Amino acid sequence: MNEYSKEHLAYLKKQKANAVLVHILRVGLLLLLLGAWELSAQLEWVNPFITSSPSRIALCIADLYRNGSLFYHIGTTLWETMLGFFVAVLMGFALALLLWWSERVRKVLEPYIVVLNALPKIALGPLIIIWCGTGSRAIVLMTILVSLIVATMNLLNGFLSTDKSKLLLLQSMGATHLQVLTKLVLPSSLPSVISMLKICVGMAWIGSIMGEYIVSKAGLGYLIVYGGQVFKLDLVMSATVILCALAGGMYAVVAWIEKKTVRAS
């Protein structure tokens, strides 16, 4: 059984205390901001019709729950985002792997990838509607388009940043391309994979909400657009708050995966 020194135990205790303090400060800052927002609205330092308030948002969310539409809209946006996220990540991994595997293919496709990454995806909205109709397929496709190139470029950069000395060592020992990939490139690219997942979480939510702005009959993006059209700004803020909570939860899952993989490695 391993025994820690008093100094090491004191260090671990200090680190744990710092972590707890950080969480307390985060919650305290959130409560402070919400309190200031609510107070400003109640005292009409700001126009509550324009800015809403935490209490009005809570009442609006409760109304959505009572009329049975809350989880319907959440579920619609959530499955569209998750599907687009997973498809984009898998396609991005396959494309990055192809570009790493063949330098010639990478040199041929690189300028096209750069152009596609710079292209405002919202400009493809009318085409997406024509291709996929006005249903969820168009929203999922928009999510994929927004996330795919980002996933590909981040993974490719991770693959190409592999330690050159280790790469030369394996090649000098007669390792095949596949062995280099599985034994060196993929394990060393784990931080890049996690970083890509974190980035794609945000991009997937951007893509799905963007798609729902263009064409949707349900979802959080639909609520935001509808609320803005009829000047129900409480509804707009409520949908935005729910969206932030869902995006934060999805990011927390990726952070948990990072913690487990880093600890395992």
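Things worth noting here:
- Flag: A151 does not match the condition of being among the small types (G, A, S) and either in contact with a Leu (Cβ under 7 Å, 6 or more places away or on another chain) or without any contact (Cβ under 8 Å) to a residue 40 or more places away in the chain (or both).
- Filtered residue count, the range 1-60, keeping only those that are polar (S, T, N, Q) and within 31 Å of the chain's Cα centre (by Cα): 6
- Pairing residues of the range 189-217 that are surrounded by fewer than 18 Cβ atoms within 10 Å (Cβ to Cβ) with residues that are among the aromatic types (F, W, Y), at Cβ distances under 7 Å and at least 6 apart in sequence or on separate chains, gives K198/Y251.
- Conditions (1) touching a Leu at 6+ places or on another chain (Cβ under 8 Å); (2) part of a helix (DSSP H, G or I); (3) in contact (Cβ under 8 Å) with a residue 12 or more places away in the chain; number of the one not met by A138: (1)
- Members of the range 65-113 found to be of a type in the set (F, W, Y) and either within 20 Å of S216 (Cα to Cα) or not in a helix (DSSP H, G or I) (or both), listed by number: F71, Y72, W79, F85
- The range 111-163, subset within 22 Å of the chain's Cα centre (by Cα) and of a type in the set (D, E, K, R), residue surrounded by the fewest Cβ atoms within 10 Å (Cβ to Cβ): R137
- When residues of the range 107-132 are limited to those that are free of Cβ contacts under 8 Å to residues at least 12 places away in the same chain and in contact with a helix residue (DSSP H, G or I) (Cβ under 7 Å, 6 or more places away or on another chain), the one nearest to Y213 (Cα to Cα): C132
No value in this document is a laboratory result; all are computed from the given coordinates. All values derive from a computational prediction rather than experimental measurement. Note that each Cβ is placed from the backbone with ideal geometry, even for glycine, and that neighbours are counted across all protein chains shown.
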